[in-house]
Structure formats: C-alpha cells, structure tokens
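Q: Got a structure for you, questions after.
The values are calculated or read from the model by the stated rules, or taken from the named source; none is laboratory data. On a predicted model such as this, the values are computed, not experimentally measured, just so you know. Note: ideal-geometry Cβ built from the backbone for every residue, glycine included; neighbour counts use all protein chains shown. In case anyone asks, the SASA skips ligands and DNA or RNA and just uses the protein heavy atoms, side chains included. Shrake-Rupley method; radii C 1.70, N 1.55, O 1.52, S 1.80 Å.
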Amino acid sequence: PLEVIRSEPMGRIFDAVVLALYPLIVLLGLTYLDVRWTALLLAVLLGRRLVAQVFGSRETSIPVLIQVAGTGALLGGAAWSGSELFLRFTPFGISLIFFFQFAASLRAGSAPIIERFARLARPDLPPENVAYCRRLTKIWLAVFVGNSALVLGAAFAPDKATWALLVGPVSYLYLGVFLSAEYVYRRFRFQEWNPKNPIDRILR
C-alpha cells in the first residue's frame, strides 16, 4: 500500500519482514510459480526502499543504492536466465553488503554503525561505551563472515527446502544467539538496566 511506502517506520518494518521471509517467499514461489515470476515479485518487494525515498523527496543514500544494485542484479539475473541459483545467492549478497557497510563505518573520522545505533538511545555516550561500540562493530564483521559462509554453502544445497532451512531458521538462530549473548554481556559489563524491560529486571 502507498501509505506503507510513505511511512518510514512502517516501511522499515515491511522491509524487515520481507527480508526475514525471503527464504519462505522463494520456497513458495518456486513451488507454485517459477523462477522468473518469483524474482519479479521479490524485486517489487525489495525495491520498496528506493521507491520510499522517491516519494519522500529525500536524497538517495549510498548504502541504499548499493543494496538496491546488489539485490537488483541478482534478481535481474534470475528473471533473465530463469536460474534458481541467482535466488539462492541473494542472501549471500545481502550478507556481504552488511559486512562492507559495517567495515566502511570503521574508517578514520567515521562513527561505527553500532555507535550510531547506541547514540539513538543515548546521545551522550561515555568514552568507554564508544570504544566498546567500535570493538563490537569489528566483532560483527566476524559474525557476518560466518553467516556469509553459511548462506554461500546453502546455495549449493541439494534441494530448495534444505536451502530455505539453512538461510532461514539456521542462519537466524546463529545471529540470534550472538545478539542475545552480546546483550547479556553488555548489560552486566556496564550495569545499565532498563526498569521497564522485563528481561533487564530478570537479569538484574
């Protein structure tokens, strides 16, 4: 819907849902449609970010252009060739894009991505937290390398159901375990508790 495209908070939720359901969409598309129609459907869904910026009259950012170009090339290849491999390689391309975006944020004079996220909740971030954010961004690079290796290997799985399992639940569990462990470690290290958060109350 047009309102979802225009609304940035709703649009981001829409993007996250599409990315999370990507393996399922591909699995259902290849089962009931074909490669070309599945690729075109995904191109429409994943192209929302670029459309949203056009409607919002905002300058298109380089990360968005990179994401659109990378995923668009793979989906375009699937639509042109009819090869299922292009659809299978798309999660690998997305993982690589995240890796390079995190790596680029570590260059001199730039705030690491994790620090930018942290400052959304706490603009006056202490120096110790700033240093931790830089180290954590580097750790995320290693996590993305592991995830990229997983989804790359999944692209050569013997059937599409195995591929969907590896790039879906298995990959999400891998990332979720790291996210959960880092969250617990960060709370205990900095002793920063949110009294409104039931998880924080339990941990404390």
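Q: Hey, could you check the range 146-204 for residues that are among the aromatic types (Phe, Trp, Tyr) and touching a Phe, Trp or Tyr at 6+ places or on another chain (Cβ under 9 Å) and say which is farthest from residue 89 (Cα to Cα)?
A: Only one residue fits best here, namely 190.
Q: Which one of the conditions (1) at pLDDT 85 or above; (2) assigned to a helix (DSSP H, G or I) does residue 67 fail to meet, given that it meets all the rest?
A: Unmet for residue 67, out of (1) at pLDDT 85 or above; (2) assigned to a helix (DSSP H, G or I): (1).
Q: Can you tell me which residue among 41, 27, 85 is more than 18 Å from the chain's Cα centre (by Cα), over 23 Å from residue 152 (Cβ atoms) and modelled with pLDDT of 85 or more? So that I can check it myself, show each step before the final result.
A: Working: 27 fails: over 23 Å from residue 152 (Cβ atoms); 85 fails: over 23 Å from residue 152 (Cβ atoms).
Every option except 41 fails the conditions.
Q: Tell me which residues, restricted to the range 12-24, are open to solvent by 40 Å² or more (accessible area, probe 1.4 Å), under 10 Å from the mean Cα position of the chain (by Cα) and at pLDDT below 85. Lay out the reasoning, then the answer.
A: First, pick out the residues of the range 12-24 that are open to solvent by 40 Å² or more (accessible area, probe 1.4 Å): 12-14, 16-17, 19-21, 24.
Next cut, under 10 Å from the mean Cα position of the chain (by Cα) only: 16, 19-20.
Residues satisfying the conditions are 16, 19.
Q: Which of the residues that make up the range 132-148 are open to solvent by 60 Å² or more (accessible area, probe 1.4 Å) and within 30 Å of residue 26 (Cα to Cα)?
A: Within the range 132-148, the first condition is being open to solvent by 60 Å² or more (accessible area, probe 1.4 Å), and the residues that meet it are 134-135, 138-139, 142, 145.
Within the range 132-148, 142, 145 meet the criteria.
Q: For the range 118-129, does any single residue satisfy the condition of being at pLDDT below 90, among the basic types (Lys, Arg) and assigned to a helix (DSSP H, G or I)?
A: The answer is yes, given that some residue of the range 118-129 is at pLDDT below 90, among the basic types (Lys, Arg) and assigned to a helix (DSSP H, G or I).
Q: Within the range 92-109, does at least one residue satisfy the condition of being basic (Lys, Arg) and at pLDDT 90 or above?
A: Looking only at the range 92-109, we keep the residues that are basic (Lys, Arg), and these are 107.
After this cut, where a residue has to be at pLDDT 90 or above as well, the list is none.
No; the residues of the range 92-109 include none that is basic (Lys, Arg) and at pLDDT 90 or above.
Q: Name, by its number, the condition in (1) within 23 Å of residue 18 (Cβ to Cβ); (2) touching a helix residue (DSSP H, G or I) at 6+ places or on another chain (Cβ under 9 Å) that does not hold for residue 204.
A: (1)
Per-residue answers, yes or no, for (1) under 19 Å from residue 22 (Cα atoms); (2) open to solvent by less than 20 Å² (accessible area, probe 1.4 Å); (3) free of Cβ contacts under 8 Å to residues at least 24 places away in the same chain:
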| site | (1), (2), (3) |
| --- | --- |
| 117 | no, no, yes |
| 126 | no, no, yes |
| 130 | no, no, yes |
| 150 | yes, no, no |
| 167 | yes, yes, no |
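Q: If you go through the range 87-97 one residue at a time, do you hit one that is closer than 18 Å to residue 168 by Cβ, surrounded by 13 or more Cβ atoms within 10 Å (Cβ to Cβ) and among the aromatic types (Phe, Trp, Tyr)?
A: Yes, the range 87-97 contains a residue that is closer than 18 Å to residue 168 by Cβ, surrounded by 13 or more Cβ atoms within 10 Å (Cβ to Cβ) and among the aromatic types (Phe, Trp, Tyr).
Q: Here's something else I'd like to know. Which residues, counting only those in the range 183-199, are surrounded by 12 or more Cβ atoms within 10 Å (Cβ to Cβ), more than 23 Å from residue 137 (Cβ to Cβ) and not hydrophobic (A, V, I, L, M, F, W, C)?
A: The one that is surrounded by 12 or more Cβ atoms within 10 Å (Cβ to Cβ), more than 23 Å from residue 137 (Cβ to Cβ) and not hydrophobic (A, V, I, L, M, F, W, C): 197.
Q: Right, another one. Within the range 173-194, restricting attention to residues that are of a type outside the set (Asp, Glu) and part of a loop (DSSP other than H, G, I, E, B), which residue is farthest from the chain's Cα centre (by Cα)? Lay out the reasoning, then the answer.
A: In the first step, residues of the range 173-194 are kept if they are of a type outside the set (Asp, Glu); the result is 173-181, 183-191, 193-194.
Cutting the leftovers down to part of a loop (DSSP other than H, G, I, E, B) gives us 191, 193-194.
Working: 191: 28, 193: 27, 194: 26 Å.
Within the range 173-194, the match that is farthest from the chain's Cα centre (by Cα) is 191.
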